[in-house]
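Here is the structure we will look at.
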Amino acid sequence: MHNRLMFTICTKESLPALFEFIADRNKLYKCLILGTTTAQVQDDFENFEIDISTFYLKLEGGEIIGAIGIQPDKHIYGPWVSETHSLKVLGQELLDYVLAIAKDLKYDSVGPYVDGTATETIELFKRNGFKIEKQEYGMKCTKNNIIQIDTNSDLECRLIDPHNPESKDALAIHLECFSPINFNASNWDEKMSNAKYLLFGCFKDQKLISYSIVLQQEVELYVYYLGTSKDSRKIGSATKLMVTIREWFTNSVFEKIVLNVGITKQEAKTLYEKVGFRTINDHLIFCLY
């Protein structure tokens, strides 16, 4: 039986210390796709709407020595452990704790995102029965990687005003292409009204056929989604849309654009490489328990 008194639930007061702890640990073993500075970690928590009340801290002498979170969407964040403690031992204790919580909540599955270079963390999850479900490449484009390419002149790409009816056309394509976990009909208007999101669209004969949601982070743009209507593919709309996003980026204060692409989606990876993206890290792994 797990003892929840062994852990402290994260609060607003302990949040700055948690951000600093995660940033420090990510510099060393890339436990998760969160930042390596305190500001970047805070930005990630806000952008990905991470619920701090489902983060649990292990303290020693008032200092954080371990942290882990399990979100309502069933994603595990962490574990992170201090340099004076063993991931094999304390990491196991943290993982056992959230797995017991998941069992109490009757979750049918849980899983973490882990950087492919975090071999010790990956081994920890494997020892606990986690299996690789999805692999992704992390890619980026900087202002030094711009490649000029020809695009379909019959297409028009531009930013979409979130209050314009075209925004709902983008939602329709999104629901056609992706699971409605993060963006759906009930939260679309609210999220698109948030200034941190940019909504780009590609039009043919004034009809929206492709869209992309781009997240503005501290120093980078993150291509959150890119989708094309099923009856309008193979005409270069995704390429033209990425070129438009890249041009917007070139004239911005941001330092780079980043994205993730499935390791089996070679056609998409080739598209991104064509417009100047380069693979920057080993694939990320999503494990299913």
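Only the coordinates and a few stated rules stand behind these numbers; no lab work does. Source: prediction; values computed, not measured. Here the Cβ is made from the backbone with ideal geometry for all residues, glycine too, and neighbour counts use every protein chain on show.
Let me have the 222 nm mean residue ellipticity of the chain computed from DSSP H runs of 4+ only, each contributing -39500 (n - 2.57), with the sum over all residues rounded to the nearest 500.
Working: 8 runs with 87 residues, N = 289.
Rounded to the nearest 500, it is -9000 deg cm²/dmol.
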Can you work out D for the chain in µm² s⁻¹ from Stokes-Einstein, where Rh is the Kirkwood radius over C-alpha pairs, the temperature is 4 °C and the viscosity is 1.567 mPa s?
63 µm²/s
When only C-alpha pairs under 8 Å and at least 6 residues apart count, what is the relative contact order of the chain, in percent?
21 percent
Quick check: the angle from helix 166-177's long axis to the longest principal axis of the chain, C-alpha only, nearest 10 degrees?
60 degrees
Alpha carbon centre of the stretch 101-152 versus the stretch 172-196: separation in Å?
22 Å
Karplus-derived 3J(HN,Hα) from phi for the stretch 197-213 (6.51 cos²θ - 1.76 cosθ + 1.60, θ = phi - 60°), whole Hz, x at Gly and Pro, runs 9, 10, 10, 9, x, 10, 10, 10, 6, 6, 9, 5, 10, 9, 9, 8, 9
Using DSSP to define loop residues, name the chymotrypsin sites (Phe, Trp or Tyr not before Pro) in the stretch 183-276 whose beta-carbon has at most 12 other beta-carbon atoms within 10 Å.
none
Quick check: pseudo-label points 7 Å beyond the Cα along Cα→Cβ at residue 274 and residue 234, how many nm apart are they?
1.4 nm
If you filter the stretch 185-285 for trypsin sites (Lys or Arg not before Pro), then keep DSSP loop positions with at most 14 other Cβ within 10 Å, what is left?
196, 233, 234, 265
Across the stretch 97-109, in residue order, what do the Karplus-derived ³J(HN,Hα) couplings come to in whole Hz, using 6.51 cos²θ - 1.76 cosθ + 1.60 with θ = phi - 60° and x for Gly and Pro?
4, 6, 5, 5, 5, 4, 5, 4, 7, 6, 5, 7, 7
Amide H of residue 219 versus every other amide H placed in the peptide plane: which residues, excluding those fewer than 5 positions away on the same chain, fall under 5 Å?
none
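Given a cut-off of under 8 Å on Cα pairs at least six residues apart, what relative contact order in percent is computed for the stretch 4-129? Present the calculation step by step, with values, prior to reporting the outcome.
Working: 175 pairs, mean separation 30.3, N = 126.
Relative contact order comes out at 24 percent.
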Could you state the per residue volume, in Å³, of the convex hull enclosing the Cα atoms of the stretch 4-129?
99 Å³
Expressed as a rounded percentage, what relative contact order does the stretch 139-281 have, with Cα pairs under 8 Å and six or more residues apart?
34 percent
Residues whose placed amide H lies under 5 Å from that of residue 85, excluding near-sequence neighbours
none
What are the ³J(HN,Hα) values, in whole Hz, obtained from phi via the Karplus relation 6.51 cos²θ - 1.76 cosθ + 1.60 with θ = phi - 60°, for each residue of the stretch 238-244 in sequence order, with x given for Gly and Pro?
5, 4, 5, 5, 5, 5, 5
Interchain or long-range residues, amide H under 5 Å from residue 110's placed H
289
Loop-only check: which trypsin sites (Lys or Arg not before Pro) in the stretch 97-179 are DSSP coil with at most 15 other Cβ within 10 angstrom?
106, 143
At most 16 other C-beta atoms within 10 Å and a DSSP loop state: those are the exposed GluC sites (Glu not before Pro) I care about. Give me the longest piece of the chain that has none.
84-217
